[in-house]
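One structure is given here, and the rest of the page talks about it.
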Amino acid sequence: MYGAILGDIIGSPYEFDRGDKTKDFPLFSRESAFTDDSVMTVAVAQGLLDAGTDAPLEAIAAAVTASMVRWGRKYPYAGYGARFRYWLRAKEPQPYNSCGNGSAMRVSAAGWLYDTLERTLAVSAATAAVSHNHPEGIKGAQATAAAIFLARTGSDKQAIRDYIEKTFGYDLGRTCDEIRPGYHHVETCQETVPQAVTAFLEGESFEDVIRTAVSLGGDCDTLTAIAGSMAEAFYGLPEPLRLACRERVDPEMLQVLDRFDAVRKERP
């Protein structure tokens, strides 16, 4: 989860095409702060932990919904889209056929907590469908969680690329240099997740993935959160960046991160 949160924090000053589309930028500045991406990443993680790894999908969906609502109302000005803000305020939140990239940026915990790829795909779909139940919204969450699962269980990048292309039909044929010039702020899964996967595949270290993702521009806090979640699973996380992340989130978020790490370390 640190990878997703760091991607959000590092990418946040450059969201809405405010960056220079370069990899040469300070990782942290006064404007580096967590947004809705981190809030919902923590919320989904807490929901999954509260439900338990063996819970039925219906119970997982209920726990994730309750956690997302609680965290969203705790941080009402974190930067949510208009329709998601309405979802958070609803008495009984219902999915609204969104294909937005929010389903992918918040899913990283599902890539770590389960023992099989099949279970990972099922749970990631459940976390998406509570709000983003459009097929593309579900696909974006599943592709992100699958890449994390494959990376943490030893797959190389070619195997991850092949699986994502074959299973989800994303076009990963363009390089970042080809994507970068015409890429702009867009908030759909189908126009964010493939670009995030490409940044992960091209990056040569955790930090290089982060810098590559930010350099693409667009909705780069979310894009970098997605790419960063994959990079953490593949490369691990440099300790200075882990500490920098912990310095920039609130104590209640740290409690969830610590609980998540404890549960993750207990699993194979």
Checklist entry - Can you name the residue in the range 218-252 that is surrounded by 24 or more Cβ atoms within 10 Å (Cβ to Cβ) and out of contact with any helix residue (DSSP H, G or I) (no Cβ under 7 Å at 6 or more places or on another chain) and is also farthest from ARG152 (Cα to Cα) among such residues? => result GLY218
Next on the checklist: Is it the case, given these coordinates, that THR120 is crowded, with 17+ Cβ neighbours inside 10 Å, hydroxyl-bearing (Ser, Thr, Tyr) and either modelled with pLDDT under 95 or more than 24 Å from ALA233 (Cβ to Cβ) (or both)?
Outcome noted: no
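For (1) at pLDDT below 95; (2) touching a Leu at 6+ places or on another chain (Cβ under 9 Å), each residue gets a yes or a no:
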site	(1), (2)
GLY3	no, yes
PHE16	yes, no
ALA51	no, no
ALA61	no, no
SER67	no, yes
GLY72	no, yes
PHE84	no, no
CYS99	no, no
Checklist entry - Within the range 127-137, how many residues turn out to be buried (at least 23 other Cβ atoms within 10 Å of the Cβ) and in a helix (DSSP H, G or I)? => result 3
Next on the checklist: Of all residues being of a type in the set (Asp, Glu) and out of contact with any Leu (no Cβ under 9 Å at 6 or more places or on another chain) in the range 223-268, which is modelled with the lowest pLDDT? Just the residue, please.
Outcome noted: GLU266
Checklist outcome for this item: Those residues of the range 45-57 that are assigned to a helix (DSSP H, G or I), touching a residue at least 24 places away in the same chain (Cβ under 8 Å) and over 18 Å from PHE34 (Cα atoms) come to a total of 4
Item to check | Filtered residues of the range 68-108 (kept if assigned to a helix (DSSP H, G or I), open to solvent by less than 30 Å² (accessible area, probe 1.4 Å) and over 20 Å from ALA225 (Cα atoms)) | outcome: VAL69, TRP87, LEU88
Item to check | Among the candidates ALA122, ALA110, ALA143, ALA151, residue that is more than 23 Å from ASP208 (Cα to Cα), touching a residue at least 12 places away in the same chain (Cβ under 8 Å) and under 15 Å from the mean Cα position of the chain (by Cα) | outcome: ALA110
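The values are calculated or read from the model by the stated rules, or taken from the named source; none is laboratory data. As the structure is a computational prediction, the values presented were derived from the model and not from experiment. No Cβ is skipped: glycine too gets one built from the backbone with ideal geometry, and neighbour counts run over all protein chains shown. These accessible areas exclude ligands, DNA and RNA; they are computed on the full protein's heavy atoms, side chains included. Shrake-Rupley method; radii C 1.70, N 1.55, O 1.52, S 1.80 Å.
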